[in-house]
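Okay, so here's the structure we're looking at.
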Amino acid sequence: MANVKIIGLHKKYGAFDAVRGIDLDISDGEFTVLVGPSGCGKSTLLRTIAGLEEASDGTIEIGGEVVNEFRPRDRDVAMVFQDYALYPHMNVAGNIGFGLKARKMPKHEIDQRVMDAARMLGITKLLDRYPRQLSGGQRQRVAIGRAIVRSPRIFLFDEPLSNLDAQLRDEMRGEIKRLHQQIATTMIYVTHDQIEAMTLADRIVLMRDGIIEQQGAPLDLFERPASTFVAGFLGSPKMSFLPGKLLRGENGDAVTLKQTSIPIPAGRTLIDAEDGQAVLLGLRPEHVTRARDAGPEAGHVRYDATIALIQPTGSRSYATFSLDGTPVMAELQAHDVSRPGEQIQIDINMKRASIFDRESERAL
């Protein structure tokens with residue numbers, strides 16, 4: 001196992017700077033997920049750590065050792081790709097043990113490591129099969145097994161689940177998380193799927209245009225996004241943004257929309273915010289629920305809503321209504337609303353709402 005430290009990393013392709021001055025410190029044994037939209041630089045960063053791409057500037061340390069000049073095989077990392085890259089003429093055991101055989105490891109040790117990895121991944125009954133005889137999830141387990149047997153200092157995953165259907169992705173996410181708990185090795189995982197990032201990571205590193213937009217524990221990014229980009233990327237359904245102005249007064253602050261004034265709970269500090277400042281009020285669906293009591297509890301605001309659209313999911317329904325002309329989505333219980341056009345009272349939890357400066361799109 002080893003920590004990873006990246007200082008001032010750049011990766012350029014001609015005039016294009018794909019990774020722009022990344023500083024990142026990953027602790028020993030941590031599961032870090034690099035997430036972001038296509039083209040944000042996350043896979044380039046991962047491949048540069050692996051040595052498959054040469055850094056244009058900056059340093060990469062693994063276990064306290066600068067590895068910029070090391071070949072990929074000398075960095076002691078194992079990579080699992082989106083494409084399983086299994087040898088079709090080899091059975092599962094042969095595929096898992098191929099790297100060890102290439103390193104001229106004794107056969108009895110190879111067999112033991114292959115069997116240990118197969119037990120860990122639940123594929124001992126598949127060792128004699130060939131890749132063409134396996135499902136997508138089974139092939140992915142074999143690819144992971146091939147990485148496990150090497151006992152590397154770091155595991156690198158480059159969107160390994162993107163070729164699987166939704167049910168298999170759910171299953172494999174659990175397998176990968178369980179694997180990390182068992183072997184406690186440093187893992188760096190790339191995905192564009194925010195659900196994978198939230199469920200797998202000890203720490204999320206959210207990238208945008210080659211830089212780190214925000215990093216931290218999953219719930220920190222979800223509940224305290226640093227910008228509208230972070231707030232909009234994490235969460236499904238995504239956050240609603242309502243344009244308004246910040247009014248500061250002796251009796252408390254409020255966000256004023258076109259016609260509605262929504263008070264901000266007492267005790268909430270808005271850093272460097274000015275009276276009359278143009279802001280965006282960010283509301284996640286789970287912050288907006290159907291009213292249950294005679295009056296709203298402290299920190300909540302009640303609103304009479306006319307439901308425009310209902311999206312039932314089984315255990316709950318997502319209902320869209322207009323708040324001063326801006327569509328807002330509420331998370332309701334399954335039978336809270338029955339048809340579009342129905343009028344209900346909803347409560348907005350302003351204690352969990354986000355407020356952003358409209359010009360900079362940074363959190364206040």
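The values are calculated or read from the model by the stated rules, or taken from the named source; none is laboratory data. As the structure is a prediction and not an experimental result, all values here were calculated from the model. Cβ atoms come from the backbone with ideal geometry, glycine included; neighbour counts cover every protein chain shown.
A few notes on this one:
- Within the range 155-179, the set of residues being among the polar types (S, T, N, Q) and in contact (Cβ under 8 Å) with a residue 12 or more places away in the chain comprises 162, 163.
- The range 180-216, residues that are buried (at least 18 other Cβ atoms within 10 Å of the Cβ), among the hydrophobic types (A, V, I, L, M, F, W, C) and either free of Cβ contacts under 8 Å to residues at least 24 places away in the same chain or not in a loop (DSSP other than H, G, I, E, B) (or both): 187, 188, 190, 197, 198, 200, 204, 205, 206, 207, 212
- Residue within the range 145-152 that is out of contact with any Leu (no Cβ under 7 Å at 6 or more places or on another chain) and farther than 26 Å from residue 51 by Cα present: no
- Count of residues meeting criterion [in contact with a Gly (Cβ under 6 Å, 6 or more places away or on another chain) and in contact (Cβ under 8 Å) with a residue 24 or more places away in the chain] in the range 60-106: 2
- Within this structure, residue 41 fails the test of being on the phi > 0 side of the Ramachandran plot, at pLDDT 90 or above, surrounded by fewer than 21 Cβ atoms within 10 Å (Cβ to Cβ) and out of contact with any helix residue (DSSP H, G or I) (no Cβ under 7 Å at 6 or more places or on another chain).
- Which numbered condition residue 167 misses (of (1) modelled with pLDDT under 90; (2) surrounded by 16 or more Cβ atoms within 10 Å (Cβ to Cβ); (3) assigned to a helix (DSSP H, G or I)): (2)
For every residue, the table says whether it meets (1) surrounded by fewer than 19 Cβ atoms within 10 Å (Cβ to Cβ); (2) closer than 23 Å to residue 304 by Cα.
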| residue | (1), (2) |
| --- | --- |
| 225 | no, no |
| 234 | no, no |
| 238 | yes, yes |
| 242 | no, yes |
| 250 | yes, no |
| 260 | yes, yes |
| 263 | yes, yes |
| 267 | yes, no |
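- Taken together, the residues in the range 128-164 that are part of a loop (DSSP other than H, G, I, E, B) and modelled with pLDDT of 85 or more amount to 13.
- Counted residues, the range 274-307 - those being surrounded by 14 or more Cβ atoms within 10 Å (Cβ to Cβ) and not basic (Lys, Arg): 19
- Annotation: of all residues in the range 338-357 being more than 17 Å from residue 221 (Cα to Cα) and in a strand (DSSP E or B), the one that is farthest from the chain's Cα centre (by Cα) is 343.
- Lone unmet requirement of (1) more than 21 Å from residue 225 (Cα to Cα); (2) surrounded by fewer than 18 Cβ atoms within 10 Å (Cβ to Cβ); (3) touching a residue at least 60 places away in the same chain (Cβ under 8 Å) for residue 339: (3)
- Residue in the range 224-234 that is over 24 Å from residue 283 (Cβ atoms) and touching an Asp or Glu at 6+ places or on another chain (Cβ under 8 Å) present: no
- Whichever residue in the range 87-104 is out of contact with any Phe, Trp or Tyr (no Cβ under 9 Å at 6 or more places or on another chain) and buried (at least 16 other Cβ atoms within 10 Å of the Cβ) and, among such residues, is farthest from residue 46 (Cα to Cα): 93
- Residues within the range 75-86 that are surrounded by fewer than 16 Cβ atoms within 10 Å (Cβ to Cβ) and out of contact with any strand residue (DSSP E or B) (no Cβ under 8 Å at 6 or more places or on another chain), tallied: 2
- Some residue of the range 105-118 being in contact with a Pro (Cβ under 8 Å, 6 or more places away or on another chain) and surrounded by fewer than 20 Cβ atoms within 10 Å (Cβ to Cβ): no
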